[in-house]
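> Mind looking over this structure? Questions follow.
The values are calculated or read from the model by the stated rules, or taken from the named source; none is laboratory data. The structure displayed is predicted, hence computed values, not measured ones. Positions of Cβ are backbone-derived with ideal geometry, glycine not excepted, and every protein chain shown enters the neighbour counts. SASA here: full protein model, heavy atoms, side chains in, ligands and nucleic acids out. Shrake-Rupley method; radii C 1.70, N 1.55, O 1.52, S 1.80 Å.
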Amino acid sequence: MLVPGGGPCPSGGCNLTVENTIIANNTGAASGNCFVISRGDGGSNIEFPGTTCGFTLGSDRRADPLLGPLANNGGVTLTHAVTGGPAIGGGYRCNGTDQRGVPRHPEQGCTIGAFEFWRTNIIRAPSNFDGDTASDITVYRPSSGTWYVLQSLANYTTYAAYQWGAAADMPVPGDYDGDGATDLAVYRPSTGTWYVLQSSGGQAPYLITQWGTMSDIPVPGDYDADRKTDIAFFRPSTGEWFVLKSGSVYTASNTYVWGTGTDIPVLQRR
């Protein structure tokens, strides 16, 4: 959250509890980011600059949150993208999705504020893109939709770059075609669509499948033991796992109830 007009408590003050919130760089007539907060520091807040909001808990931060400009980053409202800094992993008891409806990070502490960081920066991806059984050092850069693979086959001395994805996509690599090499794949939460570029066709054939919604968390893995990655997601709102099986050429599915809305799905890949 960032309020550019003068903070969430204008003249006269207010009475509220603030948690997992960024209040920064306000320029209104009131002095500082907050005029009065009469109670309620819920923790995991960031204020910058100054101390007018009265955030004093150990989980609070007073540092530049490194926000991008107000922009259309997905969802129905404009948001400031978190580009780095103290907000990343600093959240506590976050909702299942951010302000855009994008899932919070399932593998680390959530990002403070309205924008979940893990989808707008370089993301680590488990990988064996050259098929030699050793993992390649790989990052996905959503700003350009590019995968950078430092290849184990060359003793990590050469790299390959592939463009597959867009800024709002999530990397979901796996061996979807069962050839022993990792395929480039992304999940697009805005449409619930999976885009898989299959390595068995020399990076040419691709699979496009709609499976999931914006609030779901992708959890690809080999659930039917056929040595191919299945398309699957976890739905925090119901604690359900929805698995579209590769053994059926992605035409049949299973549903399992395992977990609650506050649980973190443990990801598996092959």
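> Mind ranking ILE112, ILE264, ILE88 by accessible surface for me, highest first, 1.4 Å probe?
Details: ILE112 0, ILE264 105, ILE88 55 Å².
The most accessible residue leads, giving ILE264, ILE88, ILE112.
> Leaving ligands and nucleic acids out of the surface, order GLU19, GLU116 by accessible area at 1.4 Å, largest first.
Result of the area sort, largest leading: GLU19, GLU116.
> Roughly speaking, what is the stretch gain from THR77 to TYR92, that is 0.36 nm per residue apart minus the C-alpha to C-alpha distance, in nm to one decimal?
So the extension gain works out to 3.1 nm.
> Using mean Cβ contacts within 10 Å as the protection proxy, how do 75-81, 181-187, 155-161 order, highest first?
181-187, 75-81, 155-161
> Roughly how many nanometres apart are two label points built 7 Å out from the Cα toward the Cβ at SER253 and LEU70?
Going from the SER253 label point to the LEU70 one covers 3.8 nm.
> Same structure again: Going by average Cβ neighbours within 10 Å, how do the peptides 62-71, 95-104 rank, with the highest at the top? If you can, show how the numbers build up before the last one.
Details: 62-71: 15.1, 95-104: 19.9.
Answer by packing, highest mean first, reads 95-104, 62-71.
> Continuing with this model, one more query. Would you work out the charge dipole size for region 146-270 about its Cα centre, treating the Cβ of every Lys and Arg as +1 and the Cβ of every Asp and Glu as -1, and quote it to the nearest 20 debye?
Using Cβ point charges on Lys, Arg, Asp and Glu, region 146-270 gives about 100 debye.
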